[in-house]
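The values are calculated or read from the model by the stated rules, or taken from the named source; none is laboratory data. Note that the coordinates shown come from a computational prediction; the quantities given were computed from them, not determined experimentally. Virtual Cβ from ideal backbone geometry, glycine too; neighbours counted across all protein chains shown.
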Amino acid sequence: MFKTLAKAALGLTTAMVIAMPAAHAADVVLKASHQWPGGKGDVRDEMVQILAREVADADVGVEIKVYPGRSLFKPREQWGAMVKGQLDISAFPLDYASGRHPQFSATLMPGLVQNHDRALRLNTSPFMDDIKKIINDAGVVVIADAWLAGAFASKTQCITSPESIEGQVTRAAGPAFEQMLVGAGASIASMPSSEIYTALQTGVLDAANTSSGSFVSYRIYEQVTCLTAPGANALWFMYEPILMSKRSWDKLNQEQKDAVMAAGKVAQEYFVGEAKGLDAKLVQAYKDAGVEIVEMSADDYKEWLAIAQETSYKTFSENVPGGDELIAKALAVD
C-alpha cells in the first residue's frame, strides 16, 4: 500500500513539473515599437508604457515589451511590420502609411481638426469610422486614439502668414501639408520627426513642422530661433494612435483581447488629460531656451486654409478614392 501511494505521489509530482513549464510557455509576449525617446516624458511613449502596465496588472498571460527610440523598427517601417505580423504594437503616426493607403492623408490635413475638443468629436464620427475600416481591412487594429496638435519652427524667419515661409526648406509630416507648403513657396525635405534635429543642425532644413510633443522630446529648441505655437489657430493636427497587428490580435483569447482593449482605454484617457497641456509645455520649453514665440492670427490661418483648399484638399478630393467624401464627413463634425 505504501509503495502504491508513493508511486502515485511521485507520478503526480512528475506531472506537475512537466505541466508547469508548459503553462509558462503558453504566455504571450508582445513587442511594442515607437520612434520617440523612452522615459523622457513623451506622451506617446507613456501611452505605450501605460498599456504595458495595465495588461500586466490584468494578469491574463500577456507581457508587452516596449522598444522606444527606433530601437526595433525605423518609423516608417512599422506599418508594414504590423501588417505582416513582424511587429505586434506601435504608437504610429498614421499618415506615415499614406503611401500605401492615401486616405490616411486625411488624418494630417491642414485645418481639418482645428482644436483638441473637435479632435475628440472626430474619434466617434463617420469620418473616423471610414478611416478605421481601412486600417482594419489592411490587417491592423486600433487600440487607442490620439490626436496631437503641432507647430512650426524656423532658424531663419518666424512662420506666420504664407509669405513668411517662401524660400525656406522645410519638413512636413505628410503629402497634404507638403502640397500646401509648396503652394506657399517653400521647398520640401521629407523625413520622420526623429531626423528633424540633425537636418536643422546640418543645414538640410531651414524650418519644420511636427507635433508639440515631438518639438519638445527631440529638443528642437536647440536648433531654431522662432516657434509658431498652435495657439487659437492650430493648422496642424495629426492622428497618432496605438495600433496592433491583426495577426497578433487574432492569436489572443477573448480574456486577453478584453484586457488589451481595457488597457488601451486607460492609455487614451491619460492622453486626453495631457493633450492640451502638451501645447503649454511646448511654449514653456521654448521660452526657457530663449526661442522667440509667435502665433498665427485668424487672418494668417484663413490665408493658409485658402492655399490648402486649392492644393491639399483639391488633390486629395480628385486623386484619392472616396477623398471628397472623407473631407465632407470630417468637415460635417461640429
*Only one residue in 165, 134 is β-branched (Val, Ile, Thr) and closer than 26 Å to residue 263 by Cβ. Which one?*
134
*asked:* Take residue 238 and tell me if it is more than 17 Å from residue 295 (Cβ to Cβ) and in contact with a Ser or Thr (Cβ under 8 Å, 6 or more places away or on another chain).
replied: yes
*Under 6 Å by Cβ, and 6 or more places apart or on different chains, what pairs join a residue from the stretch 124-142 that is more than 12 Å from residue 104 (Cβ to Cβ) with one that is assigned to a loop (DSSP other than H, G, I, E, B) and at pLDDT 95 or above?*
142/241
*Give just the number: which of (1) in contact (Cβ under 8 Å) with a residue 60 or more places away in the chain; (2) more than 25 Å from residue 314 (Cβ to Cβ); (3) touching an Asp or Glu at 6+ places or on another chain (Cβ under 8 Å) does residue 94 not satisfy?*
(2)
*Return only the number of the condition from (1) touching a Cys at 6+ places or on another chain (Cβ under 9 Å); (2) part of a helix (DSSP H, G or I); (3) not aromatic (Phe, Trp, Tyr) that residue 269 does not satisfy.*
(1)
*For the stretch 99-123, how many residues are touching a residue at least 12 places away in the same chain (Cβ under 8 Å), more than 15 Å from the chain's Cα centre (by Cα) and farther than 27 Å from residue 280 by Cβ?*
4
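Do we find a residue being assigned to a helix (DSSP H, G or I) and either touching a residue at least 24 places away in the same chain (Cβ under 8 Å) or within 16 Å of the chain's Cα centre (by Cα) (or both) anywhere in the stretch 222-229?
From the stretch 222-229, those assigned to a helix (DSSP H, G or I) are 222; that's our starting set.
With the extra rule that they be either touching a residue at least 24 places away in the same chain (Cβ under 8 Å) or within 16 Å of the chain's Cα centre (by Cα) (or both), the set shrinks to 222.
Yes, the stretch 222-229 contains a residue that is assigned to a helix (DSSP H, G or I) and either touching a residue at least 24 places away in the same chain (Cβ under 8 Å) or within 16 Å of the chain's Cα centre (by Cα) (or both).
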*Limited to the stretch 145-200, what total is found for residues that are acidic (Asp, Glu), closer than 21 Å to residue 239 by Cβ and outside any loop (DSSP other than H, G, I, E, B)?*
2
*asked:* So residue 203 ticks every box in (1) surrounded by fewer than 17 Cβ atoms within 10 Å (Cβ to Cβ); (2) assigned to a loop (DSSP other than H, G, I, E, B); (3) in contact with an Asp or Glu (Cβ under 9 Å, 6 or more places away or on another chain) but one. Which box is left unticked?
replied: (3)
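Among the residues of the stretch 230-241, how many are assigned to a strand (DSSP E or B) and either out of contact with any helix residue (DSSP H, G or I) (no Cβ under 6 Å at 6 or more places or on another chain) or aromatic (Phe, Trp, Tyr) (or both)? Let's see the steps before the verdict.
So the first thing to find is which residues in the stretch 230-241 are assigned to a strand (DSSP E or B), and the list is 237-239.
Applying the additional criterion that residues be either out of contact with any helix residue (DSSP H, G or I) (no Cβ under 6 Å at 6 or more places or on another chain) or aromatic (Phe, Trp, Tyr) (or both) yields 237, 239.
Number of matching residues: 2.
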*Please work out which residue is surrounded by the fewest Cβ atoms within 10 Å (Cβ to Cβ), limiting yourself to the stretch 47-80 and to residues that are touching a helix residue (DSSP H, G or I) at 6+ places or on another chain (Cβ under 7 Å) and closer than 20 Å to residue 216 by Cβ.*
70
*Filter the stretch 287-334 down to residues that are closer than 22 Å to residue 101 by Cβ and charged (D, E, K, R) and give me whichever is surrounded by the fewest Cβ atoms within 10 Å (Cβ to Cβ).*
318
